[in-house]
1. Would you mention how many residues in the stretch B:111-132 are out of contact with any Gly (no Cβ under 8 Å at 6 or more places or on another chain) and at the interface with chain A (Cβ under 7 Å from one of its Cβ atoms)?
2. Mind checking which residues of the stretch A:71-96 are assigned to a loop (DSSP other than H, G, I, E, B) and either in contact with a Gly (Cβ under 7 Å, 6 or more places away or on another chain) or within 16 Å of DNA strand C (Cβ to nearest atom) (or both)?
3. I'd like to check something: does the stretch B:23-33 contain any residue that is open to solvent by less than 10 Å² (accessible area, probe 1.4 Å), closer than 28 Å to residue A:107 by Cβ, in contact (Cβ under 8 Å) with a residue 24 or more places away in the chain and hydrophobic (A, V, I, L, M, F, W, C)?
4. For residues in the stretch A:58-70 being within 11 Å of DNA strand C (Cβ to nearest atom) and surrounded by fewer than 20 Cβ atoms within 10 Å (Cβ to Cβ), which is farthest from residue B:73 (Cα to Cα)?
5. Limited to the stretch A:98-110, what total is found for residues that are more than 7 Å from chain B (Cβ to nearest Cβ), farther than 18 Å from residue B:79 by Cβ and not in a loop (DSSP other than H, G, I, E, B)?
6. Residues being more than 9 Å from DNA strand D (Cβ to nearest atom), out of contact with any strand residue (DSSP E or B) (no Cβ under 8 Å at 6 or more places or on another chain) and open to solvent by 30 Å² or more (accessible area, probe 1.4 Å): count how many of those fall in the stretch A:71-88.
7. Taking only the stretch B:95-146 into account, find how many residues are of a type in the set (Gly, Ala, Ser) and within 17 Å of residue A:130 (Cβ to Cβ).
Number of protein chains: 2
Amino acid sequence: MPPFPDESSHHLKRLTDGLKRAGVKLTHQRLEVCRELAGVTDHPDVEAVFHGVRARVPTISLDTVYRALALLADLGLIGRVGALQGRMRFDPNMTPHHHFVCARCGAMHDFTSAAVDQIPIPDDAHAFGHVHAMQVEIRGLCRRCQFGQES
Amino acid sequence: MPPFPDESSHHLKRLTDGLKRAGVKLTHQRLEVCRELAGVTDHPDVEAVFHGVRARVPTISLDTVYRALALLADLGLIGRVGALQGRMRFDPNMTPHHHFVCARCGAMHDFTSAAVDQIPIPDDAHAFGHVHAMQVEIRGLCRRCQFGQES
DNA sequence: ATTTAATTAGTAAAGATTACTATCTAGGAA
DNA sequence: TTCCTAGATAGTAATCTTTACTAATTAAAT
């Protein structure tokens, strides 16, 4: 049984309700992907979700898991983390700064903030290991994507 | 000519000095990758750097650009941004929280911070578009990677 | 100039994600 | 309930990104 059945079922309800509200079909496969996500406390990749769901739905395809996760993320029911856009990118600017990232086109803009830089690193973070740096990421829609539809 | 020749040459010097200090060979190809990075103000992907350098070094291979960028990033002379590890991951936890990310193994841990959440979103960020959320990412080495060498 | 270990070009391989098509099914209507 | 249909899935292929490999080249120390 899951470690926190109440938490888990609460999360599951949140996800399935979200799918219903969106008016998409609540298929067996999507339900099991939601169940998998609800019973997890880390940040699984597609492979991990696929593996977990496959134990209960042996015929599910990887593509279905990809589409279910993309759907949930697009509906704002789960978050994307790690690789946002496909390719890795590099930042030649090594002076302290932060990023605005467009959730749609992936455009990144730098900004600085004395207020942010003054915040001490939370103690909780030190408990996880040795801290190198703290950086703020602001997600949103850039002006291009906010107005015109051009790529 | 570049928009800010002084800035640009300053960045170039920082990169090439870093390579010399690391004791690696300062090849023509690496120099041109540095030059490309120094003349840029955004966050280029490998393709963009490859394209830019190729205009001046038509025979350079994509692999060389990958390796030059990885070298610079490993030496801490440039930053990696966007896709850190290979695969995309998902976060079922939609309550406000922040992330500790291990630079080596990619492990992610959640933490909350009232201090961080109280910071107003910097005005500079609003100028770039419509803000959805602000999230802190702390990079470092997790306990596993800090001590043992196990994957 | 010679030597050597590091680096590169070119290509192949691996890995991750997306696309495609025939088949199937959730959910509404009869 | 049964029928119908738009939407979803399984299985696989294709695409895209990144890494690996090898023979040839080259920086830089001697």
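1. 8
2. Within the stretch A:71-96, A:75, A:77, A:78, A:83, A:84, A:85, A:86, A:87, A:94 meet the criteria.
3. yes
4. Taking the candidates together, the pick is A:59.
5. Total satisfying the criteria: 0.
6. 3
7. 4
The values are calculated or read from the model by the stated rules, or taken from the named source; none is laboratory data. Every value quoted in this text rests on a predicted model; they were computed, and no experiment measured them. Every residue, glycine as well, gets a Cβ built from its backbone with ideal geometry; the counts of neighbours run over all protein chains shown. These area figures cover heavy atoms from the full protein model, side chains too; ligands, DNA and RNA do not enter into them. Shrake-Rupley method; radii C 1.70, N 1.55, O 1.52, S 1.80 Å.
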